[in-house]
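*Asks:* Structure in structure tokens, see below.
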Amino acid sequence: MEHVELKREMIAVCNFMNDKGVNQGTSGNVSARTDEGFLITASGIPYKKMKPHHVVEMDLDGGYRGDFLPSTEWRMHLDIFRNRPEAKAIVHTHSTYCTSLSIARMSIPAIHYMIAHFGGGHATLVRADPAARAATEIFQPQPAALAALSRRVKAEFDPKNILNPGRMG
């Protein structure tokens, strides 16, 4: 099994999100780019029970290796990794408030002055089709935000900072 430490870090992120109430149960998923394609959490495995062998290795053609099925939303991760070479990891949550706003087809208003600095008005919530193919068409962040993130985001997962990027060193 390859990428054991990265898989452990991904599981730690999933558990951290559940502990903080961002996700519940097995909702949401985490993926990380590798030289061979990407890793993604398995479908239907509770994060508290997840072990590194439950994290599925996928290639950029949609093939996977292992005894477990990838997250049902693997296509969205695949499309983002294919079309956004600068993307190193994806943390997909199903937080209560964002899910509620998405169901109501509402956007998140810009409530902090730094949002204007990054060229934003409202944050658009991704509403992907059942096969999650629309995500890359919708997922078009502002160039200034991408530039700022590329300077700030660590190459590895850091569960204690993932929900508060302002604390990153």
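Any read-out appearing in this document is the output of simple, stated calculations on the displayed coordinates, not a laboratory observation. This one's a predicted model, so the numbers in the text were calculated from it and none came from an experiment. Using ideal geometry, Cβ is built from the backbone for each residue, glycine included, and neighbour counts are taken over all protein chains shown.
*Asks:* Counting other C-beta atoms within 10 Å, which of Y97, Y47 has the fewest, and how do the rest follow?
*Replies:* Ranked by crowding around the Cβ, least crowded first: Y97, Y47.
*Asks:* Here is a follow-up. Could you calculate the FRET efficiency of K51 with R105 from 1/(1 + (r/R0)^6), where r is the beta carbon distance between them and R0 is 45 Å, rounded to 0.05?
*Replies:* That pair, K51 with R105, gives E of 0.75.
*Asks:* For each of I45, I40, count neighbouring Cβ atoms within 10 Å of the residue's Cβ, then give the residues from fewest to most.
*Replies:* I45, I40
*Asks:* List the residues, sorted by chain then number, that are 5 or more residues from A89 or on another chain and whose placed amide H is less than 5 Å from its amide H.
*Replies:* For A89, the qualifying residues are R33.
*Asks:* Could I ask something else about it? With θ set to phi - 60° and the Karplus curve 6.51 cos²θ - 1.76 cosθ + 1.60, what are the ³J(HN,Hα) couplings of region 18-29 in order, to the nearest whole Hz, using x for Gly and Pro?
*Replies:* 5, 4, 8, x, 6, 10, 10, x, 9, 6, x, 6
*Asks:* Then there is this: Treat the count of other C-beta atoms within 10 Å as a stand-in for reagent exposure and order H94, H53, H77 from fewest to most.
*Replies:* H53, H94, H77
*Asks:* Moving to a separate point now. Per 0.36 nm of contour for each residue apart, how much would the distance between Y64 and S27 grow if the chain were fully extended, relative to their Cα-Cα spacing?
*Replies:* 11.3 nm
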